[in-house]
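Here, each number is a calculation from the coordinates, and none is a lab measurement. Bear in mind that the values here come from a model prediction, so they are computed numbers and not experimental data. Because the Cβ atoms are built from the backbone with ideal geometry, glycine has one as well, and the counts that use them run over all protein chains shown.
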Amino acid sequence: MTRVILEARNLHVAFSGVKAADGVSIAIHDGEFLAIIGPNGSGKTTLLNICTGYIRPRSGSVLLDGHDITRLSPRAIARRGVARAFQIPQLFSAQRVIDNMMLALAATDGLWSAVRPLETAKRREEAKELLDLVGLAGDADRISSTLPEGHRKLLDIAVALALKPRLLLLDEPTSGVSALERFPLMDALMNALRQRRITALFVEHDMDVVARYASRVLVWNAGNIMAEGRPDEVFSNAEVRERVVGVA
Amino acid sequence: MREADDGGGVEGGVNGAEAQDLGLGTHREAEASELVYARSAIVVAAAVVTLAALPIAAPWLQFVLTLAIAKGFAALGVAVLLRAGLISIGHAMFFAASAYGVAVLARAGINDLGLLLVLSVLVAALVGAIAGSFLIRYRAIFFAMLNLAVSMVFYALCAKLYGVTGGTDGMPVPIPAVFGVVFTEPTFKNVLFYLSLALMVLVGLGVQRYLNSPLGHALSAVHTNEIRLEYLGIPVWAVLLIAYVISAALAGLGGAISGFAIGRVVPDFAFWTASGHLVLIAVLGGIGGVPGAFIGAVFLELLHSAAVTVTDAWNLMVGMTLIIVIMFMPQGFYGLFARKEALNL
C-alpha cells in the first residue's frame, strides 16, 4: 500500500446527542479514489468538515502527512494542499464564472500577485482550460448566480481544482448534475485527477458512480464504519446492500 | 494542464462546440474590453478637463469643487468597504483625524504641503488600522453601528480636549509652503484645487488597480461567500483590514484637503451627520467604479450650492434626489455613464 496522506484517528463528534463520528479512524492513501457512502445524516459531510478544519472533533485527531492539523483553520489546511468541493456549491455568486476561477488560481500565487491585475492572459487561459474540463467554457463571462444548479456544482469542483491540490475532497460531486452529463463529467474529472496526481475522497449517493470510479469504498453508518474494501467486495456485503444500497 | 484536457475523449465530446469557439471568443472579448477601456478613458479625460476649466469661467466654483473632490475621496473610502457589503457610518472620523493631523503638525512647525498631506494621510491610516483591527470582526448593522459609536467617541474627544484640539472652536490650518514657495491665499487655493484634481486622477487609478487585483476581487467576494474564501486559503481578516486601512487613508486624504481649503478644522468634521453625508455621496454616485464617488460628490456640492440660493430647505431637495436615485438608478449616477461590462470591472 502507498503512503498515507490523510489520517483521522479515533474521531468523536456528536450533535445534540446524535453521534456523527463514534471513534472512527480512517486513512487515505496517496493516489487512491476513496468513496464514502452511507445513509443521509450518518456523518459523511461531518467527516469532511473535520478534515478541513471547519469543525473540531470532541476528541481524536487528523493528520496530514503525519502532521496534526486537527486545530488548524480551513484556510491553513487549504494552504497545505487540501481542497474541497461542497455539497451545496460555495461560489462568489455576484462575480463572473471566470472571476471565480481566476481568484482561486490567484490564491495559490505569491503575495506580490495580490496587487497585480486579477485578469491576466495566462490566468484566463488556465481558468478556461479547467472550465472546459467541466463543460463550462462557454459560460465563462456569465455571472455565476445565473448558472443552473448543476452547472454551479461543476463550477464549485473547477474552483477546487484551480487550487492545484494534492488531496481533493468532493461532497456528492454528481448530485444536481444531469444523468447524461454524469459519467462524462466523472470521466473527465478522474482523468484530470490522475494526470495531476491528485488523491480524492468523495462522498457519493450514486452507487453506479461509486462502482465505476472508486478504488476503495468506505461505508459510513451511524457514526461508524460498517464496511470497507473494493467496490465489488463492499457491494456484495449483504448488510451493506440492505441498509445502504437499498437492495436485499 | 493542456495534457489533462487532451486526455479524455469523452470531455472532448461534451465541450467540443465551446472549445472550437474558444479562440475566436477570446479575441472578441479582448476587443470589446479594449473598446470599453478606451471609451471610459475618453469620458474620464473629458470630465477632468471640464472640471479644470470650470473655475476659470466661474471662480466661485473653485472652493466648491475642491471640497467636492475632498469629499469624493472620503466617499470613495466608504464605497471601497461597500463592495464587501460593509456600511461605515463613521468614516468622518478618519476625515477629521487627518485634518486635525494637518493642524497639529503645522502647529509643530511642519510647513510643507506635500509633507503635511503624506503625514496626515498616514495618521488617518494608522487610526484606521487601530479601529479596523477590531471593527472588521463585525458585519452588517453591527459594523455600521460600531463605526458610528467609535466615530462619536472621537468627536467627543475632539470637542472636549480643549487644550489639544481647541474644543468646539477647532484649530486653524495655516497656508503651507509648496516646495518651499509661499503663496498668497488665492494662489494657494488655486494650487490646492489643481493638485486635488491631479490626485483625484492618480489616486483614482491606484484604487481602480487595487479593485481589479485579486485583493479587490476578494473584497467583493467577502460580500457573497466568506466560507469559500477561507477554503481558498485567503484570509478574510487580512482582505478586510487592508480595505479598511485604504478606505481610512482615502477619507484622510479628503480630510486634509478640506482642512487646507477651509483653513480650519472643527469637531463637526467627525460628527455622525458628516459620516452619513459620505454614505449618501457613495450611494448617489454609485459603488460600481471609482468615478462614482466623485460624480456623487460634485453633484451633491453643486446641488447644495444651487439649492441654498433658492430655499433654506435644501436638505429636502437632497433627500428627494436620493429617493429618485435609489428607486430608478440603483447603480447610482455612475450607472448612467458606465456600460454593464465596465460595472463588472
* Give the residue from B:Ile234, B:Leu199, B:Ala125 lying farthest towards the positive end of the charge dipole for the range B:61-270; charges sit on Cβ (+1 for Lys and Arg, -1 for Asp and Glu) and the dipole is referred to the Cα centre. => B:Ile234
* To do: Quick one: grab the alpha carbon gyration tensor of the range B:142-244, order the square roots of its eigenvalues as a ≥ b ≥ c, and give me rounded if a/c is under 1.5, else prolate or oblate depending on whether a/b is larger than b/c.
  => oblate
* Structure fact -> Simple SL model, points at 7 angstrom along Cα→Cβ for B:Met320 and A:Ala179; separation in nm is 6.3 nm
* Averaged over A:125-132, how many beta carbons belonging to a partner chain fall within 10 Å of each residue's beta carbon? -> 4
* Structure fact -> Rounded to the nearest 10, the angle in degrees between the Cα long axis of helix B:92-107 and the longest principal axis of the Cα atoms of chain B comes to 50 degrees
* Give the long-range amide H neighbours of A:Ala21: residues separated by 5 or more places, or on another chain, with amide H under 5 Å away, using H modelled in the peptide plane at 1.01 Å from N. => A:Val13
* Structure fact -> About its Cα centre, the range B:61-270 carries a charge dipole, from +1 on Lys and Arg Cβ atoms and -1 on Asp and Glu Cβ atoms, whose size in debye to the nearest 20 is 200 debye
* Structure fact -> In whole Hz, the Karplus estimates of ³J(HN,Hα) for the range B:108-119 (6.51, -1.76, 1.60; θ = phi - 60°; x where Gly or Pro) are 7, x, 7, 9, 10, 4, x, 5, 4, 4, 4, 5
* Structure fact -> Between the modelled labels at A:Ile55 and B:Ala238 (7 Å from Cα along Cα→Cβ) the distance in nm is 2.9 nm
* How high is the relative contact order of the range B:61-270, given as a whole-number percent (alpha carbon pairs under 8 Å, six or more residues apart)? -> 48 percent
* Give me A:Phe33, A:Phe183 ranked fewest to most by other Cβ atoms within 10 Å of their Cβ, as a rough exposure proxy. => A:Phe183, A:Phe33
* Compute the length gained on full extension between A:Glu239 and A:Asn40: take 0.36 nm times their separation in residues and subtract their Cα-Cα distance, giving the result in nm to one decimal. => 70.0 nm
* Rounded to the nearest 5, what is the percent of antiparallel bridges among the DSSP beta bridges in the range A:101-245? -> 50 percent
* To do: Once you've got the GNM for chain A with C-alpha springs shorter than 10 Å, pick whichever of A:Gly110, A:Gly53, A:Gly66 has the biggest mean-square fluctuation.
  => A:Gly110
* **Gap separating the Cα centres of the range B:216-248 and the range A:86-147, nearest whole Å** => 16 Å
* To do: Filter the chymotrypsin sites (Phe, Trp or Tyr not before Pro) in the range B:168-203 to those in DSSP coil with at most 14 other Cβ atoms within 10 Å of their Cβ, and list the result.
  => B:Phe179
* Asked: Taking a quarter of the surface of the Cα convex hull of the protein assembly as shown, what do you get in nm²?
  -> 31.4 nm²
* Asked: Using 19 Å as the cut-off for backbone N distance, which residues of the range B:236-257 belong to the label zone defined by a point 7 Å from the Cα of A:Arg71 along Cα→Cβ?
  -> none
* Contact order normalised by residue count of the range B:188-285, Cα under 8 Å, 6+ apart, percent -> 25 percent
* Asked: Long-range amide H contacts for A:Ala35: which residues qualify at under 5 Å (H placed 1.01 Å from N, peptide plane, sequence gap of 5 or more or a different chain)?
  -> A:Phe202, A:Ser215, A:Arg216, A:Val217, A:Leu218
* Structure fact -> Neighbour-count ranking for B:Met171, A:Met102, B:Met152 (other C-beta within 10 angstrom, fewest to most) reads B:Met152, B:Met171, A:Met102
* Asked: What residues qualify as long-range amide H neighbours of A:Leu63, i.e. H under 5 Å apart, gap of 5 or more or another chain, H built at 1.01 Å from N?
  -> A:Glu7, A:Ala8, A:Arg9, A:Ile69
* To do: Along Cα→Cβ, 7 Å out, is where each label goes; now give me the distance between the ones at A:Ala14 and B:Ile141 in nm to one decimal.
  => 3.7 nm
* If one takes the longest principal axis of the Cα atoms in chain B, at what angle in degrees, from 0 to 90 and to the nearest 10, does the Cα axis of helix B:314-328 lie? -> 0 degrees
* What value does chain B have for Rg/Rh, both radii from Cα atoms and Rh as Kirkwood defines it? -> 1.04
* Cβ-based exposure ranking for A:Lys164, A:Lys128, A:Lys19, in which fewest neighbours within 10 Å come first -> A:Lys164, A:Lys19, A:Lys128
